[in-house]
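Beneath this line is the structure, given in structure tokens, with notes to follow.
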Amino acid sequence: MNIKKIDCFIADLTHTKQGIQSRCFPLGAGLIAEYTRQELGDYLNIELFKYPEELEESCKEHKPKILALAYYAWNEELVNTFVRAYKALNKDAIIILGGPSFPYDDEERKELLAKHDLVDFFVFGEGEIGFVELLSDVISYDYEIERLKSQKKKRDNCSYLYQNEIYSGEYLRIKNIKQMPSPYTSGSFDKYFGQDLIPLYETTRGCPFSCTFCSDGVKFKSKVYRHSRESINENLEYIAANSTNTDSLILADLNFGMYADDIETCEKIAETKKKYNFPVFFSASAGKGKFDNILQSVKLLDGSWFVGASVQSTDKEVLKTIKRKNLPYDKMIELANSTKEKGSVSYTEIILALPEDTKEKHFKSLQMGVDAGLNSIKMFQLMLLIGTQMSSKPSMDYYKMIGKYRVMPGAAGIYNLFGNDYKIAEFERIVVANNTMSYQDYLDCRLMNLMVEIFINNAMFTELYYVLEFYNISKFDTLEYILNHKELYTPKVVGVFDSFVKDTQKDLFDEYVEIVAFVQDGDILHRHVTGELGNNEITDHKALSYLEYEEFIILLYKGIIALLKEKEIYTTEIESMLFELKDFVHIKNSDFKNSEKVLEKVFHYDFSSRKFEDIISSKNNGIEYTFYHTEEQQGIISALYKTYNGDTVAGLGRLIQKNNLNVLYRKFDLK
């Protein structure tokens, strides 16, 4: 029997008007497309898309009967607008959404689906089986959606409205994820290897922890399921062999490194790095337990892993409230030390304005991360994500959380869809105060976040901290000292800090309808696209500080000298050494874009040592240093500037934030 195939387009759309916002391969949509093709390929012609422009062109040409779109916090408005535009072109199209931006409560689900009444079904949770079972019913009912809905069947992992009533099935996990085909080894993802995208892969699904701010913190996701060793190795080999346009790999695993199987995965990654020089940069969220396994994984990856020990807060009361478990502090220190040996980056994540948080508690969390020796502290504002316990109305009311809407950085554009222009921007709702943290305390914490971002993250000033380590002076206390002594600031430093405080408070809205009206007004959307408005203020001002790098080196130098004097440790010998050291740091780390430059300077100390006592005792009559980038570094820098549009402030900020700059700093030789 010759069956006419029906077009089914599956897309994980990303914004493109400010560069590619979501730079990863569309893993979730790809997995669903691959499984659907395997199970229903005789009935459906499955096509996968990532960019709205290519999807629009194909929709105009083929008018697919089924349009299925991934629904995330970073593309909700783009998806909703595309659905409206396409339904105006093809009113008979069947629209299916799926993803984590969906409530767990049926009343909230009903409200969302009623608001987006052009959506026929929403597939939630792990989507492969739920999506295929839904489409099997759609096919069996000859694509007559109203007749299908009239059966009022509750399908697992699926919700829909019928006659103003919500019908939702159970949330079921896929226990045997080993049966799921891969879009990598099938060749479906081959078209993305030649683009400026980073391969995203998973070896496990599920999380044993219960954090209330996370969509994966719900109880029924607590069991962890794993792909087969054969499949993992085959996929990692395939990715490495085909990754000619990127040096990076990201794993979507939620607690990587905790398990013995993860060590085998690291062995395979180390093998591909040796064989293909890929990945140079590896990213995965580290687990919160079984530290010995994590440490072994770090060592196997030999400096590639941008490894984190996320804490969100170090305060016991806050952690209890958000149901969070952290890696012990002594283990964080050991992790930091292990990555330093390999020249890798270790990080932690801290969220501002969690329930029960205060300015003092937030500063303490920052201090523990900084003084543990982690060289990257990722500081986030608390986002109220759909589908999390924390964003529920009872939680908001109990903790008196004040939420503000703002335009999501990098997620705005004017799109021509099917002949009409649409102004589209994504929004996020952040908490700026609660019953334990005032708005002014929130602003104070944000400014300290910027201090940490500038002076700690990316190891831009590491050598200047050797003297603090020798005298057991807290780096965080040093930053607090600088923050409170504005007489140390030059006008350019003042300009960066004042601009940050202003941008932090700009364009925040109480209500969703207000921010929607805001982006539709006049040239507001255009100003977001050009970067005049709406960028990430932390990364933007980190970039601005790097463009004024020498000013901030001098600020830190002056702050350290003043603090040493206050503690009665200061000597002219120390000042003489630090004076030269700041110049050494500036030459080594600044202006890495101009990677072909070779610089020379004479110093009177041996700065190749990592210990203050060795440097201070190495004073000599003068050694000529030559600073340079290797050919490999030049290639990496060129690729990164292209990928992140590094000639813009916003692009440079993203480049700095997302990469291990130790790889980009100049090498040096002593003559």
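The values are calculated or read from the model by the stated rules, or taken from the named source; none is laboratory data. In this text the structure is predicted, and so the values were computed from the model without any measurement. In this analysis, Cβ positions are derived from the backbone assuming ideal geometry, glycine residues included, and neighbour counts consider all displayed protein chains. The protein model used for the area step is the full one, side chains on, heavy atoms only, and it has no ligands, DNA or RNA in it. Shrake-Rupley method; radii C 1.70, N 1.55, O 1.52, S 1.80 Å.
Region 529-627 has equivalent-ellipsoid semi-axes of 31, 20, 9 Å, by the square roots of 5 times the alpha carbon gyration tensor eigenvalues, sorted largest first. Helix-only arithmetic for the chain: the sum of -39500 (n - 2.57) across DSSP H runs with n ≥ 4, divided by the residue total, places the mean residue ellipticity at 222 nm at -13500 deg cm²/dmol.
When the chain is described by a simple charge dipole with +1 on each Lys and Arg Cβ and -1 on each Asp and Glu Cβ, the residue from S609, Q151, L112 located farthest towards its positive end is Q151. In this structure V407 has an accessible area near 10 Å², from a 1.4 Å probe over the protein heavy atoms. Seen against the Cα atoms of the chain and their longest principal axis, helix 572-589 is set at about 40 degrees. The label-point distance for Q505 and A241, in a model that sets each label 7 Å from Cα toward Cβ, rounds to 5.8 nm. Working note: Debye formula, equal point scatterers on the alpha-carbon atoms of the chain, no solvent; log10 I(q)/I(0) at q = 0.08, 0.12 Å⁻¹ is -0.64, -1.44.
When only alpha carbons of region 244-328 are considered, Rg and Dmax amount to 14.4, 48 Å. In the assembled protein chains, H62 presents an accessible area of approximately 90 Å² (probe radius 1.4 Å).
Using the Cβ-Cβ distance between R147 and K364 with R0 = 41 Å, the FRET efficiency computed as 1/(1 + (r/R0)^6) comes to roughly 0.10. The largest accessible area among T572, T626 belongs to the first residue in T572, T626, and the rest follow in falling order (1.4 Å probe, all chains).
Our estimate of slack between T462 and L443, defined as 0.36 nm per intervening residue step minus the Cα-Cα distance, is 4.1 nm. This model, with +1 at the C-beta of Lys and Arg and -1 at the C-beta of Asp and Glu, gives region 431-545 a dipole about its Cα centre of some 340 debye. The modelled label-to-label distance for the pair D397/F470, using points 7 Å beyond Cα in the direction of Cβ, is 6.0 nm. Quote the FRET efficiency, to the nearest 0.05, computed for A517 versus L547 with a Förster distance R0 of 35 Å and r equal to the Cβ-Cβ distance. So the FRET efficiency works out to roughly 0.50. Kindly express, to the nearest 10 degrees and within the range 0 to 90, the angle between helix 359-371's C-alpha long axis and the longest C-alpha principal axis of the chain. Relative to the chain, helix 359-371 is tipped by roughly 70 degrees. Farthest toward the positive end of the dipole of the chain, out of S188, I636, L578, is the Cα of S188, where the dipole comes from beta carbon charges about the Cα centre. Note on the chain: dipole from Cβ charges, positive end direction compared against G257, G534, L385; the farthest Cα belongs to G257. Placing +1 on the Cβ of every Lys and Arg and -1 on the Cβ of every Asp and Glu, with no other charges, gives the chain a dipole of roughly 940 debye about its Cα centre. Over all alpha-carbon pairs in region 354-436, figure out the percentage whose distance exceeds 23 Å. Beyond 23 Å sits 45 percent of the P(r) for region 354-436. By a 1.4 Å probe calculation restricted to protein chains, I66 has an accessible surface near 0 Å², given to the nearest 10.
Where only protein heavy atoms count, and the probe is 1.4 Å, what is the accessible area per residue for the chain in Å²? If you can, show how the numbers build up before the last one.
On the way: 27650 Å² over 671 residues.
Normalised by residue count, the accessible surface of the chain is 41 Å².
Between E631 and K593, the FRET efficiency from the beta-carbon distance, with R0 = 22 Å, is close to 0.90.
Within the accessible area of region 349-425, the carbon and sulfur atoms contribute 54%, probe 1.4 Å, all protein chains present.
Convex hull volume of the C-alpha atoms in region 397-460, normalised per residue: 136 Å³. Using 0.36 nm per residue and subtracting the Cα-Cα separation, the extra length available between D421 and E264 on full extension is 51.5 nm. Charges were assigned to the Cβ only: +1 to each Lys and Arg, -1 to each Asp and Glu. The resulting dipole of region 592-671 about its Cα centre is roughly 280 debye.
Could you list the residues of region 160-203 with an amide nitrogen less than 14 Å from a label point located 7 Å from the Cα of E234 in the Cα-to-C-beta direction? Zone members listed by number: 178-188. Full extension of the chain between A114 and L483 gives 127.9 nm of extra length, using 0.36 nm per residue less the Cα-Cα distance.
Work out, in µm²/s and without decimals, the Stokes-Einstein translational diffusion coefficient of region 480-548 at 20 °C, 1.002 mPa s, Rh from Kirkwood over C-alpha pairs.
153 µm²/s
Assign one of three labels to region 629-671, namely rounded, prolate or oblate, based on the Cα gyration tensor with a ≥ b ≥ c the square roots of its eigenvalues; rounded applies when a/c is under 1.5, prolate when it is not and a/b is larger than b/c, and oblate otherwise. Note, shape of region 629-671 comes out prolate. Past the 14 angstrom mark, what percentage of all C-alpha to C-alpha distances in region 611-654 do you count? Beyond 14 Å sits 68 percent of the P(r) for region 611-654. Hull volume per residue, based on the alpha-carbon atoms of region 57-210 and their convex hull, is 156 Å³.
For the chain, the longest principal axis of the C-alpha atoms and the axis of helix 27-40 are separated by about 30°. The label-point distance for K175 and K642, in a model that sets each label 7 Å from Cα toward Cβ, rounds to 4.8 nm.
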